[in-house]
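Since every read-out is calculated from the coordinates, none of them should be taken as a lab result. Treat the numbers as computed from the prediction; the structure is a model and nothing was measured. No Cβ is skipped: glycine too gets one built from the backbone with ideal geometry, and neighbour counts run over all protein chains shown.
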Amino acid sequence: MKLILASASPRRSALLRQVGIPHSVIASDVQEERRPEHLSPAETALYLALQKARRVAAGLGEGLVLGADTIVVHRGELLGKPASPEEARRMLHHLSGEQHSVITGLALVDAKTGREESAYEETRVWMRVLGEELIDAYVATGEPMDKAGAYAIQGKAALFVKKIEGCYFNVVGLPLFQLSLLLSRMDIKPWSGWR
């Protein structure tokens, strides 16, 4: 079955290629800031992942649509993608010297049958203390601007992370182990294209 990634994220697409999962991309137009307020962080990530996958699947006759949404949670506050360099600085100040959680919701929707499977992954991340000069230099690179929590662990912000507990790929934006479990529940072997 053909996999369609409902995300324009180059990182998610690169991770799928890394593990040999062929796919195409149809970015979802779901607005991430429109979410029910009463949901927990994990429920929020799952809700948004399902909305993205459902939106793309609704326009297709067949195919398996993968929706994903990654959020950063620090002391109960959800940190999405910063809207401005000033907001990126604020987020990095909050994360400086602290521990936070990265939660990614995953959803698979079969466009033909409507069958759905979903799950989430949570990883704890500890950051070093970030001084003003370091934060300013990082924000000036532009890297934080399209990342939940205003940092990319696979990029220059690798210098910020003291340790993680859980799945590294989740922090990048696509927990590959959790995805393999979801695909298996849909009777798909992600390694079938390796030969």
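A few notes on this one:
- Candidate aspartates and glutamates - alpha carbon under 15 Å from Lys81, same-chain residues fewer than 8 apart omitted: Glu32, Glu33, Asp69, Glu143, Asp146
- Loop-resident GluC sites (Glu not before Pro) (DSSP state other than H, G, I, E or B) in segment 30-79 with no more than 10 further Cβ atoms inside 10 Å of their Cβ: Glu33, Glu37.
- Relative exposure of Trp191, Trp126, judged by other C-beta atoms within 10 Å (fewest first): Trp191, Trp126
- Estimated distance in nm for a label pair at His38 and Ala8, the labels positioned 7 Å out from Cα along Cα-to-Cβ: 3.3 nm
- Cross-link pairs beyond the 30 Å C-alpha cut-off, checked among Lys112/Lys189; Lys2/Lys156; Lys112/Lys156: Lys2/Lys156; Lys112/Lys156
- Taking label positions 7 Å along the Cα-Cβ direction at both His93 and Arg115, the computed distance is 5.0 nm, reported to one decimal.
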